[in-house]
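K.L.:
Below: one structure in C-alpha cells.
Only the coordinates and a few stated rules stand behind these numbers; no lab work does. If you're wondering where the values come from, they're calculated on a predicted model, not measured in any experiment. Cβ sites come from the backbone with ideal geometry, for glycine too, and all protein chains shown count toward neighbours.
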Amino acid sequence: MALPNKAKIPVGTVLAGKYRITREIGRGGMAAVYEAEHIDIGKRVAIKVLAQELTTSAVVVERFLREARAAASIRSPFICDVYDSGKLDDGRPFLVLELLEGESLYERMTVVRYLDPETTVAVMSQVCRGLTKAHAASIVHRDLKPENIFLTKDEEGRLCAKILDFGLAKFYAPVDGGDAQARLTREGAVFGTPAYMSPEQVRGQGAVDHRADLWALGCITYECLTGRTVWQTEQGVAMTFAQIANAPLPQPAALRPDLPPSFTVWFEKALDRSIDRRFQTAKEFADELSVALGVAQPMPPRGAEPSQAGLLPPTGDAPLDVAFDPPGVVRVTPNEARRTVPSGPAERGADPLAGMDLAVQRGASMPGRPSQGAGQQITFSGGSGEASIP
C-alpha cells in the first residue's frame, strides 16, 4: 500500500507484510512512533518511522539506521531491543523496537524534582550493566541523557532501566598511541547533547571513547540527586561548551546538604576533565557510586549480569563507522530549555514508577518519543567560541 508523503499511517495498515499498525504513540520532528502487532505471532512492538522530509538527508538516514545496527548487536536486558528494519513503499525507513511501558528518566524527574539515593543507585547500576555490554562490543552511545534512559518494570514488577536511542552510536577501535584510524570522530566533528557532552566531545579533537559515556552518566547522576543540570545551558551552546571546558564543578552539597561528602569526591572523579583520571569502566563507576552513597546495588535479573571480561575496549581490531559531517560542523541537540525545578518539596521515598500508567496513556512510554530538544545543525567556530544556528 503506497502512502502519501508525510501521511499518518492509518490503523490497520500492514507494514512489510507482517506488522499491523494498531495506534500512533507519538510523533516529533524526526520520527513518528506506532504500536503494531506481528500478524503471525501476535507480538506487540513499537515501530519508529523516519519523517518523510528527512529521507533526503544521507546523514539523517544513516543515523537512523545506525540505531538498529548498534542496538541489535548488543544483548542486554538494560538496552531497548531492535528486532527488525525496513522501508515503507514511499521510501521512509522504519525500525521495529521493543515495546516498553513506563516513562523516561526525564519525565520522572519533572514529577519528583530529584531522586533518593537508593533509586539513583538502582537506575545507574542497571544503565552501567547495559553500557558494559555496549563498550565490550566497541560501541559508545555518545548521547546519554535522561530522555534516553527509560524506566519500566521487569517481570517481577521491579524497577528496570533501559538505554534508548543509539542513533549517535559509533563503533570504535582501541586507541594504541596515535593510530588516527582509531579515532571515533574526525577533528572538528562534534556530536551529542551539550549539557551531557564530555570535554573531548566538545573539542572535537583526538579520540573519543567509552569514557565519554561515563562522563555523561556522571552528569545524569548529579541531576538525579540535585534536580539540576551540572551546567547552566540557558545562555546557549557556546557558553555551555565554555563551561564544560573551564568552569569549576558545582558542589552537590550546596543543593543537597544531606548527601555525604564521599559523593562529592565521587562526582569530582566522574567529571574529571582528564579521561585517564575519570572512571575507566562502567562497573567501576557503579561500584564506587554505591560505596559513595552507602547504598547497595540491586541484584540483577537472573542471567542478566554481564561477565567481567571486556570491560575495556577489546585489544583486537574493531569495525570503524564513517563520520558524515564535514570539519567545523557541530551536530547537537541543544538542551537550553531543560526542566524547571519545582518549588515544592521532593517526593522522597516515593515509588520511582508512580504515575507510570498515566505516562502510558498519554503516549509517553515508547522509544522514539520526541526528545526535549530537536536536533539542529550548528556551525561552531573554535577560534571565537561562537555558535550559529542556520
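K.L.:
Please report the equivalent ellipsoid semi-axes of the range 1-89, computed as sqrt(5 x eigenvalue) of the Cα gyration tensor, largest first, in whole Å.
P.N.:
Over the Cα atoms of the range 1-89, the semi-axes work out to 20, 19, 11 Å.
K.L.:
Please state, rounded to one decimal and in Å, the Kirkwood hydrodynamic radius that the range 196-283 gives when every pair of distinct Cα atoms enters the mean of 1/r.
P.N.:
13.4
K.L.:
Determine, for each peptide in 33-39, 85-91, the mean count of other beta carbons within 10 angstrom over its residues, then list the peptides with the highest first.
P.N.:
Working: 33-39: 19.7, 85-91: 14.9.
Per-residue Cβ counts within 10 Å, averaged per peptide and sorted highest first, yield 33-39, 85-91.
K.L.:
Output the antiparallel fraction of DSSP beta bridges having both residues in the range 14-98, as a percent to the nearest 5.
P.N.:
The antiparallel proportion sits near 100 percent.
K.L.:
In whole angstrom, how long is each semi-axis of the equivalent ellipsoid of the range 30-166, when you take the square root of 5 times every eigenvalue of its Cα gyration tensor and sort them from largest down?
P.N.:
Working: eigenvalues 143, 58, 47 Å².
Largest first, the range 30-166 gives 27, 17, 15 Å.
K.L.:
Work out from phi, with θ = phi - 60° and the Karplus expression 6.51 cos²θ - 1.76 cosθ + 1.60, the ³J(HN,Hα) of each residue of the range 271-276, listed in order in whole Hz, and give x for Gly and Pro.
P.N.:
With coefficients 6.51, -1.76 and 1.60, one gets 10, 6, 6, 8, 5, 6 Hz.
K.L.:
Does the range 190-238 come out rounded, prolate or oblate by the C-alpha gyration tensor, with a ≥ b ≥ c the root eigenvalues, rounded set by a/c under 1.5 and, if not, prolate when a/b is larger than b/c and oblate if not?
P.N.:
Oblate, since a/c reaches 1.5 and b/c is not below a/b.
K.L.:
Each residue of the range 145-157 in turn: what ³J(HN,Hα) in whole Hz from Karplus with 6.51, -1.76, 1.60 and θ = phi - 60°, glycine and Pro shown as x?
P.N.:
6, x, 5, 9, 10, 10, 9, 9, 10, 7, 5, 9, x
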